[in-house]
Amino acid sequence: MSDWKTICRVDDIPRLGARRVTRRSGGDIAVFRTADDKVFALLDKCPHKGGPLSQGIVFGESVACPLHNWTIGLVDGCAAAPDVGCARRFSVRVEGGAVALDLAELMHPSTDADPGSARRSGGNDAAAASVDAPAKAAA
Amino acid sequence: MKKMKLVMVGNGMAGVRTLEELLKIAPDLYDITVFGAEPHPNYNRILLSPVLAGEQTLADIVLNPVEWYAGQGITLHLGKKVVDVRRSSRVAVADDGTEAPYDRLLVATGSNPFIPPLPGKDLDGVIAYRDIADTNAMIETAKTHKHAVVIGGGLLGLEAANGLMLRGMSVTVVHLMPWLMERQLDEVAGKMLQKSLESRGLAFRIGAQTEALLGDESGRVRAVRFKGGSEEPADLVVMAAGIRPNTALAEQIGLHCSRGIVVNDTMQTITDGRIYAVGECAAHRGIAYGLVAPLFEQAKVCATHLAEFGIGRYLGSQTSTKLKVTGIDLFSAGDFSGGGDTEEIVLSDPYNSVYKKLVVKGDKLIGACLYGDTVDGSWYFDMVREGKDIASIRDHLMFGQQHLGDTGHAGNSRASAMPDSAEVCGCNGVRKGTIVKAIREQGLFTLDEVRKCTKASGSCGSCTGLVEQILMATAGAGYTAAPKLKPVCGCTDANHQQVRDAIREQHLLTIASVYEQLDWRTPNGCASCRPAINYYLISTWPHEALDDPQSRFINERAHANIQKNGTFSVVPRMWAGETNSSELRRIADVVDKYKIPTVKVTGGQRIDLLGVKKEDLTAVWHDLGMPSGHAYGKTLRTVKTCVGSEWCRFGTQDSTTMGKELERALWRMVAPHKVKLAVSGCPRNCAESGIKDVGVIGVDSGWEIYVAGNGGIKTDVAQFFCKVKTHAEVLEYSAAFLQLYREEGWYLERTVHYVGRVGLDHVKAKVVDDAANRALLAERLRFALDGLPDPWFEHDKARIDVRQFEPIAV
């Protein structure tokens, strides 16, 4: 069985909004809350150009990246077509209003789920394929 | 009731236009039969030149395809020439024996090219330029022969010469008169035209009189001989020496003809009331017209009489000529020759190939001749026609309509400055207002659609550029986007206007109620529609509808601008760009304390602190102790000012104080998009008021207000709005304009696009002309802004979720 780390209560996250979770290992996590109080967690880094997804507009079970408006699915972390790329997902457990993340995943060093897969379909934005190295210097 | 029979002889533009007008008003009155000598349906004869030049094909210029006739129930006889009309028994007879009885006969036989009676005119290779067959003959000849001579330096001749040259022939134009197109141009313009055409490779023999056409032994033309004996080699001779009304049939059947078939004001022949004549074959009050516009006027009158409405008289036309000769714009109207007791205002710029001559008599403009730049042609023509007193604008007359009420900026779109009543398409008599209305109401967004709906630019095409400008000005820069029809986003079929209307009419106060009332397809919208709906709610119902921060873009939620690395920038407000030592000291301290990497002066006369961490934002605001600059929102941004009369030796008005008053009155104002103002203290305009949403320019006697400028992706120069005297008036007019924009604008629509969509006339009517409404608008804005918090200091009141600034640490 996994170990779970309680990070906040559901009510600490605004509905149709997100909170940002900082980790000592680097690589922030965005924790989202939908209109019907479902909670999802993704690496706070858009697969396109690394935009902080926690700052985006949440709608349905998606978030729009604040930098270039890519739509990222909260369930799988993947960009909606025509964009291609996925943000790493984190497991979330909600019990009695408390939000918990999987400790093992939390401790795992920050890596993007699928580096290199982020690109516009049609190949007109090849530069986007290079994903910035995570900003770990502070850790 | 048995239908009457209408037979039309001739199948050209004037005749078919008459049928179109008739079918519009009396679709079931007649059984219609049409005889056309050519084997083609009605086509646009004016566009034969582009066909010859290879720019268009025959299929492109067909106006009414054969299916149109069938659809209207018209019996069409193509390739059959009517050779007799038995007026006593009322039957028309064609050359193949086809007979058609009539109750009304419409003669629209057009004109024939005038062939000078020269020896050799019947040789092979000598043709006229009148119809599709001639055009095809020229195209074929150009494939196998080298030398062409065009006799006649009028419009038709020059177009033929240009087309043949483009098809590879060496072409000489022979013109008897002292300069080209002497009936449309004065000597200067005629010679400029010649020079320009010579530089493209055409050769000219001006003032040369043709004596004979010489043939070879096979009977084909080989040269043209002139008076005096010189010769010009030619294996194709095109006769373009003018046209004559085609009255052969009319004369044969006993209709009175004198320079055309003589008709009265109802277009009935004076000989036989059952027989009408329209177009180039008809002579009305002694004039047979050869231009499209009068012919279409005749068609309209004739149609109302055929429909038995008995209204409408044709009283003759004052004509202007607007032409495009081989890509060069020409315009003339009225008495453009001048002389006698007239005066001439002349602008001549040979380097840029622009020449304009205005002929003035007393205080009236009586004629104009324009070469190169003809945009103001219809404006001048209106003045000539209406006999307008021009004394007060005489100084500016030459610089065109755009120049009036403008401190000297050349506008990029003259179309937007035209009044709705100005005629755009002279051929079809279409005014700007008609086009704008059609674009708006029918959601048109291409030139073709505008042509189809309004006929503007559908005949000679010389106003095409102007129609395109109107299209752009009306539908906005993104004029291919069909703004009327486009839904807000994929979540709904409703468009922005429908959403605005529903919110107002049903007094909706929450996003959820909008989604429910308008059957949104998604439970809580998307990142496109939620910010739009949120704006519509709070702008329509201020102090009633609550702002929803989660439906705002991050910048408006965090009250700072997100940067590419996820940090933010902070721009404190400096009223009208003015600051002082203590503010600067505090800014310096904040920069040091929070290790802000970049400090930059903005284009809006403020200071931008870039690279602030989100968790530092509230403390940065607090330490700055300056109001929010709202540099992050769809809000009033800055009021840029010049130094003004307080310091500047040129300043005529105190622009800085005016700017501060405006900024203090308008800050915190949300809008469909960002809003930028500027105030300049004199027409030198150092604050760049010409590219602002509201630009104010001080002049000696007060202030000029300009609206709907934009320095963005596409620079749009602000349009003159009004001139006022006092600070209070500047404040009221600006507030009223911006409130109208707030109430009617669509989300993310800048003022330039808003004004382009609704029309400057509309905005002026609501704000400038209607003082009571202006006061109400300004009052509504005051009410909306009253008591709004500064989000940097009153977080609760501004509904800021401050938890966003604290990350959760694990």
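For the reader, a short list of remarks on this structure follows.
- On Cα atoms only, tilt of B:529-540 relative to the major axis of chain B in degrees: 80
- Computed from the C-alpha gyration tensor, the three semi-axes of the ellipsoid equivalent to segment B:617-738 are 24, 17, 13 Å, from longest to shortest.
- Neighbour counts of C-beta atoms inside 10 Å place B:SER348, B:SER628 in the sequence B:SER348, B:SER628, starting with the fewest.
- DSSP-defined antiparallel bridges as percent of all bridges, chain B, nearest 5: 60
- Normalised by the number of residues in segment B:635-789, the average gap of Cα pairs under 8 Å and 6 or more apart makes the relative contact order 19 percent.
- Chain B, relative contact order in percent, only Cα pairs under 8 angstrom and at least six apart counted: 7
- Taking GluC sites (Glu not before Pro) across segment B:270-336, the ones in a DSSP loop with at most 12 further Cβ atoms lying within 10 angstrom of their Cβ are B:GLU308.
- Trypsin sites (Lys or Arg not before Pro) within segment B:603-642, DSSP loop, no more than 16 other Cβ atoms inside 10 Å: B:LYS613
- For B:ILE393, B:ILE253, B:ILE32, the sequence from fewest to most other C-beta atoms within 10 Å is B:ILE393, B:ILE253, B:ILE32.
- Longest stretch of chain B clear of exposed loop sites (chymotrypsin sites (Phe, Trp or Tyr not before Pro), DSSP loop, at most 11 other Cβ atoms within 10 Å, sites excluded): B:310-646.
- Computed [θ] at 222 nm, deg cm²/dmol, chain B (DSSP H ≥ 4; -39,500 (n - 2.57); rounded to nearest 500): -9000 deg cm²/dmol
- Prolate/oblate/rounded label for segment B:496-552 (Cα gyration tensor, a/c 1.5): oblate
- In degrees, nearest ten, helix B:377-386 long axis to first principal axis of chain B (Cα): 70
- Shape of the protein assembly as shown, Cα gyration tensor, a/c cut at 1.5: prolate
- DSSP finds beta bridges in the protein assembly as shown, and of those with both partners inside it, around 70 percent are antiparallel.
- Coordinate range along principal axes, alpha carbons of segment B:126-241, Å, largest first: 43, 33, 24
- For segment B:618-674, the square roots of the Cα gyration tensor eigenvalues, ordered a ≥ b ≥ c, give a/c of at least 1.5 with a/b no greater than b/c, which places it in the oblate category.
- Segment B:645-699: GluC sites (Glu not before Pro) in DSSP coil with no more than 10 other Cβ atoms inside 10 Å: none
- On Cα atoms only, tilt of B:655-666 relative to the major axis of chain B in degrees: 80
- Footprinting exposure proxy for A:VAL84, A:VAL75, B:VAL62 (fewest neighbouring C-beta atoms within 10 Å first): A:VAL75, B:VAL62, A:VAL84
Every number in this text was worked out from the coordinates using simple rules, so none of it is lab data. Every value quoted in this text rests on a predicted model; they were computed, and no experiment measured them. For neighbour counting, all protein chains shown are included, and Cβ atoms are generated from backbone atoms with ideal geometry for every residue, glycine included.
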